[in-house]
1. Please state, as a whole number in µm²/s, the translational diffusion coefficient that the Stokes-Einstein equation yields for the range 71-139 at 20 °C and 1.002 mPa s, with Rh defined as the Kirkwood radius across alpha carbon pairs.
2. Using a Förster radius of 25 Å, what is the FRET efficiency between ARG133 and ASP100 based on their Cβ-Cβ separation? Nearest 0.05, please.
3. For THR35, enumerate residues with amide H under 5 Å from its amide H, sequence gap 5+ or separate chain, H modeled in the peptide plane.
4. Quick query: amide H of LEU145 versus all other amide H atoms, modeled in the peptide plane; which residues come in under 5 Å with a sequence gap of 5 or more or a different chain?
5. Take peptides 218-231, 77-90 and line them up by average Cβ neighbours within 10 Å, highest first, as a rough protection proxy.
6. Rounded to a whole number, what % of the accessible area of the range 45-197 do carbon and sulfur atoms account for, probe 1.4 Å?
7. For GLU197 and LEU125, compute 0.36 nm times the residue count separating them, minus their Cα-Cα distance, and round to one decimal in nm.
8. Where only protein heavy atoms count, and the probe is 1.4 Å, what is the accessible area per residue for the range 161-236 in Å²?
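The values are calculated or read from the model by the stated rules, or taken from the named source; none is laboratory data. Computed from a prediction, not measured in an experiment: that's the story for all the values here. When we count neighbours, we look across all protein chains shown, and the Cβ atoms used for this are built from the backbone with ideal geometry, even at glycine. Side chains are part of the model used for accessible areas, which takes the heavy atoms of the whole protein and leaves out ligands, DNA and RNA. Shrake-Rupley method; radii C 1.70, N 1.55, O 1.52, S 1.80 Å.
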Amino acid sequence: MNTWLVGGAVLLCCLALLWYQVPLTRMLFLMARVTPYTQTPAAPTASLLILGDSTGYGTGATNATHSIAGLLGGEFPHLSIYNDSVNGRTLQQAAAAYVDTHRDQSYDLVLLQVGGNDILAGTPLADIETSLRTLYELTDASQVLLMPCGNVGAAPRFHGSKAAALSQRTREVFALFEEVSAEYDVTFVNLYLPEHEDPFVARPEVYISLDGLHPSDAGYAYWYTKLKPAFEAAPQTTHSS
């Protein structure tokens, strides 16, 4: 019996060590506890495609209703929401997904929640620009909203020179997003804030999930406050509830 107790204690210690020391373990847990929020009302008044990465998927939320898609669905129950979001997706992969799945479909509005993985992966700016232009040209740009992540370098996952480099990279990519979006008349919801103004920096225990990277329920709720005015201003959006 003592052998079993010792063995169980060792196993628990190993699992605890794995949980607290390996961010990937925590991220996999966050991915597993949600699925992308979708909504199919009986009599939809408008349709929305969310083409996203983990931030569209809702990774970090306790359940899908707290993701951006879920928050939109809760406030707009007559909105049809098709959520095509995949953890780890890049802009190039989003464009390929649109061609493969959505080119022949019709949506009143398209919300792009992509860009963070290109920042993390160091995708060349020229390639990011090409993929973004491809997405805008594949879709009707007048129907598009772009909302990537916030400041990647401000996430608690990163420290020192790595954090500084990712913050600089975020600024460079978002400047490109702003320039190209203005050219296509696409609304770009810019979530970047200087660190002294960023609630994710001031209170990471509230706004960031346990993997140190993705938003928590409160983080997604904060992002939603930034998206909602742009969403409501889109001429394709229904305001009925």
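1. In µm²/s, the coefficient rounds to 162.
2. 0.85
3. The list, which skips near neighbours in sequence, is ALA64.
4. VAL110, LEU111, LEU112
5. Top of the packing list down: 77-90, 218-231.
6. Accessible surface attributable to carbon and sulfur in the range 45-197 totals 48 percent.
7. The span from GLU197 to LEU125 would gain 23.3 nm if fully extended.
8. I get 49 Å² per residue for the range 161-236.
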